[in-house]
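Below is one structure, written out as structure tokens, with a few remarks after it.
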Amino acid sequence: MLPNHRSSRLLLPVRMGFVWFSLLVALVLSCIPVGRVQAMPDFVALVLAFWCIREPHRIGMGAGFCLGLLVDVAHGSVMGQHATAYILLAWAAQANSRRLLWFSPSTQTLHMVPLFLMVQVVMLVLRMLAGGRFPGWEYFFTCFTTAVLWLPAYYLLLLPQMRPIDRDENRPL
């Protein structure tokens, strides 16, 4: 028998204002100048993947494209590099959303590593096609640091949807 990881708490519907606010915060975090740190997490990919899994009918490839273009402009990278990677990430997250929601958040972390690795590989291939050089194997540490942040981001982004625990004997839910 599988361990029960499901919470007995019901979640309130997500507010789209909060979704866009969290994506904006991720975009701002990705613009913080950190120098040449190779293992800096990709906050936009993290939050985009989360909302594509939790709200696949509201956030998808269009949001990934727009966010990717904004990150491309902010980082001064090859135009379309992040956009293409985020479109593929949104597609993969949406395609696997129903399956991923069955797993516990810690198990979801393991399932997200290949998706974040795919983002890094796509960006590297596009950069090298544009004439860039190979940045070294440390470049791929980003997918692991992003995946490590999955668990805290999961609980942080679900926090506004948590229904307060108040027992009412006259109400069935």
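Throughout, read-outs are computed from the coordinates displayed, never taken from laboratory work. Nothing here was measured: the structure is a model prediction, and the numbers come from that model. Methodologically, a virtual Cβ is constructed for each residue, glycine included, from the backbone with ideal geometry; neighbour enumeration extends over all protein chains shown.
Remarks
- Degrees separating the helix 81-95 axis from the principal Cα axis of the chain, which is the longest one: 30 degrees
- Point-to-point label distance, T145-E55, nm (Cα→Cβ direction, 7 Å offset): 2.8 nm
- Ranked packing of 31-37, 112-118, 88-94, most packed first, by mean Cβ within 10 Å: 88-94, 112-118, 31-37
- Viscosity 0.890 mPa s, 25 °C: Kirkwood-radius Stokes-Einstein D of the range 76-144 over Cα pairs, µm²/s: 188 µm²/s
- Mean separation of Cα contacts under 8 Å, 6 or more apart, over the residue count of the range 16-161: relative contact order %: 28 percent
- Karplus-derived HN-Hα couplings along the range 111-126 (A = 6.51, B = -1.76, C = 1.60, θ = phi - 60°), whole Hz, x at Gly and Pro: 6, 7, 4, x, 5, 5, 5, 4, 4, 5, 5, 4, 5, 5, 4, 5
- A viscosity of 0.890 mPa s and a temperature of 25 °C, combined with the Kirkwood radius over C-alpha pairs in the Stokes-Einstein formula, give the chain a diffusion coefficient of 144 µm²/s.
- Annotation: peptides 56-62, 155-161, ranked by per-residue average of other Cβ atoms within 10 Å with the highest first, follow the order 56-62, 155-161.
- Most fluctuating residue given options L70, L149, L129, as computed from a GNM of the chain linking Cα atoms under 10 Å: L129
- A helix-only calculation puts the chain at -19000 deg cm²/dmol for mean residue ellipticity at 222 nm, using -39500 (n - 2.57) for each DSSP H run of at least four residues, averaged over all residues.
- Scalar couplings 3J(HN,Hα) for the range 138-155, obtained by applying the Karplus form with A = 6.51, B = -1.76, C = 1.60 to θ = phi - 60°, are 5, 4, 7, 5, 4, 5, 6, 5, 5, 5, 4, 7, 4, 5, x, 5, 4, 6 Hz; x denotes Gly and Pro.
- Other-chain or far-sequence residues with amide H under 5 Å of M162's (modelled H): L12
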